[in-house]
1. Under 5 Å between amide hydrogens, which residues at least 5 positions from Val79 or on another chain qualify, with H placed 1.01 Å from N in the peptide plane?
2. Counting pairs of alpha carbon atoms under 8 Å apart in space and at least six apart in sequence, what relative contact order in percent does segment 7-182 give?
3. Can you give me the C-alpha center-to-center distance between segment 157-178 and segment 60-103, rounded to a whole angstrom?
4. Of (i) 9.9; (ii) 12.1; (iii) 10.8, which is the value of mean projected area of the Cα convex hull in nm² derived from the coordinates here?
5. Indicate, rounded to the nearest 5 percent, the antiparallel portion of the DSSP beta bridges found entirely in the chain.
6. How large is the helix-only mean residue ellipticity at 222 nm for the chain, computed as the sum of -39500 (n - 2.57) over DSSP H runs with n ≥ 4, divided by its residue count, in deg cm²/dmol to the nearest 500?
7. What helices does the chain have that are whole DSSP H segments, at least 20 Å long along their own axis by Cα, and with mean Kyte-Doolittle hydropathy of -0.5 or more?
8. Take the cross-link list Lys33/Lys99; Lys48/Lys153; Lys7/Lys46; Lys35/Lys99 and give me the ones stretching past 26 Å between alpha-carbons.
Amino acid sequence: MGASHQKRLFLLRHAIALNDMADGDKGRALAPKGKEDAIALGKLMKHKSLTPDIILCSSARRTQETMNGVQDALQVENVQNIDILYSGSTGDYLHEIQKIDDANDSILMIAHNPSIYELVRLLGAQGTDSVMQRLTEGYQPATLSVIHCACEKWADIQPVENELVLITDPMDYNAPARPTRWM
């Protein structure tokens with residue numbers, strides 16, 4: 001890698017949203033549980049030193065509200081709201097990452113399924129068996145993946161070469177204190 005810092009990518013599916021379509025799909029708000037999960041995830045990210053240099057966020061209300069919850073703990077000032085992250089393809093998502101200034105060693109992208117999950121699968125092709133197993137289990141709302149990228153410049157990020165080091169979802173970081181199945 002040379003003298004530069006390793007690039008890290010944090011890929012986050014927005015937290016759980018309401019099914020209320022009164023304001024259209026783009027205007028859907030987070031459910032109360034989604035807001036709780038976003039706040040809990042922000043605290044976890046802060047605790048694990050997973051604070052990004054820049055946040056790329058879809059313009060949809062549910063992704064914006066997810067970002068607001070995470071931001072309670074992270075307080076990242078460098079935020080870009082990007083319309084293509086609302087309806088874009090995996091390729092569109094990758095292109096947005098490739099455009100980021102290399103002074104930013106870590107990026108948090110908050111976006112939507114299926115493209116965010118497909119991007120994790122595309123970029124995070126290597127990892128421990130347990131982490132790779134988690135990837136086969138789907139990508140629930142408020143799931144975060146951490147990828148160590150095998151590039152010094154964002155423009156050079158390639159599929160397959162990167163290591164998926166963490167997948168975490170609300171059952172890991174915001175589960176009820178006593179889930180009913182244990183009672």
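1. Excluding prolines and chain starts, which carry no amide H, the hits are Ile55.
2. With pairs under 8 Å counted, the relative contact order is 30 percent.
3. Taking the Cα centre of each part, segment 157-178 and segment 60-103 sit 18 Å apart.
4. Checked against the structure: label (iii).
5. Around 45 percent of the beta bridges assigned by DSSP in the chain are antiparallel ones.
6. Taking each H run of at least 4 residues, the total per residue is -9500 deg cm²/dmol.
7. none
8. Result: Lys33/Lys99; Lys35/Lys99 exceed 26 Å.
Just so you know, all these numbers are worked out from the coordinates, no wet-lab data involved. This structure is a prediction, so every number in the text was calculated from the model and none was measured. Positions of Cβ are backbone-derived with ideal geometry, glycine not excepted, and every protein chain shown enters the neighbour counts.
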